[in-house]
Structure formats: structure tokens, C-alpha cells
Amino acid sequence: MTLSLDYLWWAECPSHEEGLALLRAVLAAEGIDAVIRLVEVRDEADAQRLQFIGSPTILVNGQDIDPHPVASGAASIYALTCRAYRRDDGRIAPLPTREWLRSRLSALSTS
């Protein structure tokens, strides 16, 4: 079964290219067959329509890969902004760790 992924990104976010490289590297290392659909979020209307929490956002079959996303503090959870991920040690970072991403993708690819 091929895993379907949506990679939502915003051009002003400095970590979107690194995030895509990380995603591709983890998929390759784990041997996960996936089609990545790149979705550029261009404005606030796109952010609302796509329910975009921030850049980068990874969706698997339409569901956010992070079951507990970090709130941005904005009036709406959906906004044209950079994303924050809570790492296992509690720190907040612009990208998930390789291990966190690997474990989530592995779990989702077998379900």
C-alpha cells in the first residue's frame, strides 16, 4: 500500500525546505512507499480553507501527523505562520526530530 502524504508549506517559513528534506530522508530510510503532494499555502484564505496550523504541516490521509499540535496563540488555530512541534523532551522546535517523524510514519504506514 502506498502512503499518501500532503506536505503543506508557506514560502516565508525558513524551515519548510529542511522539513521536506527530513520527510524524504525518513521515508527513504524506512523504505516507506509514499506519494508526497506539495501544497503551497499562499494566503490567509488558503490557511483557513486548508486548516493550516503552520509550516510545515504533514497530513497522512488528510489527518495531521501530530496528534497534539502546539497552539500558535493566534486568534484562530489556522494561520499563515511557521509551525511549532513539541519534541519528546518537551522543547518546542520548528521541525520534529527524525526519530519522532520515523515512529509516526512507521505507525501510520502499517495501520
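The values are calculated or read from the model by the stated rules, or taken from the named source; none is laboratory data. These figures come from a predicted structure and were not determined experimentally. Cβ coordinates were reconstructed from backbone atoms using ideal geometry, including for glycine residues, and neighbour counts include every protein chain displayed. These area figures cover heavy atoms from the full protein model, side chains too; ligands, DNA and RNA do not enter into them. Shrake-Rupley method; radii C 1.70, N 1.55, O 1.52, S 1.80 Å.
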For the range 3-110, what is the accessible area per residue in Å² when the probe is 1.4 Å?
54
Value of relative contact order over the chain, rounded to a whole percent, pairs C-alpha under 8 Å and six or more apart
31
DSSP loop GluC sites (Glu not before Pro) in the range 3-67 with at most 13 other Cβ atoms within 10 Å of their Cβ, which ones?
Glu12
With a sphere of radius 13 Å drawn around the Cβ of Pro67, what net charge do the other residues whose Cβ falls strictly inside it have (Lys, Arg +1; Asp, Glu -1)?
0
Grab every C-alpha pair in the chain, bin the distances at 10 angstrom width from 0 up to the longest one, and report whole percents.
14, 50, 31, 4
Tell me the mean residue ellipticity at 222 nm calculated for the chain from its helices only (DSSP H runs of n ≥ 4, each -39500 (n - 2.57), averaged over every residue, nearest 500).
-9500 deg cm²/dmol
In nm, to one decimal, how far is the modelled label at Asn61 from the one at Ile92, with both set 7 Å along Cα→Cβ?
3.1
Among residues other than Tyr78 whose Cβ falls under 13 Å from its Cβ, what is the net charge (Lys/Arg +1, Asp/Glu -1)?
-2
Compute the acute angle (0 to 90°) between the alpha-carbon long axis of helix 16-30 and the principal axis of greatest extent of the alpha-carbon atoms of the chain; round to the nearest 10°.
20
Dipole size in debye (nearest 20) for the chain around its Cα centre, Lys and Arg Cβ +1, Asp and Glu Cβ -1?
200
Which net charge results when you count Lys and Arg as +1 and Asp and Glu as -1 among the other residues whose beta-carbon is under 11 Å from that of Ser109?
0
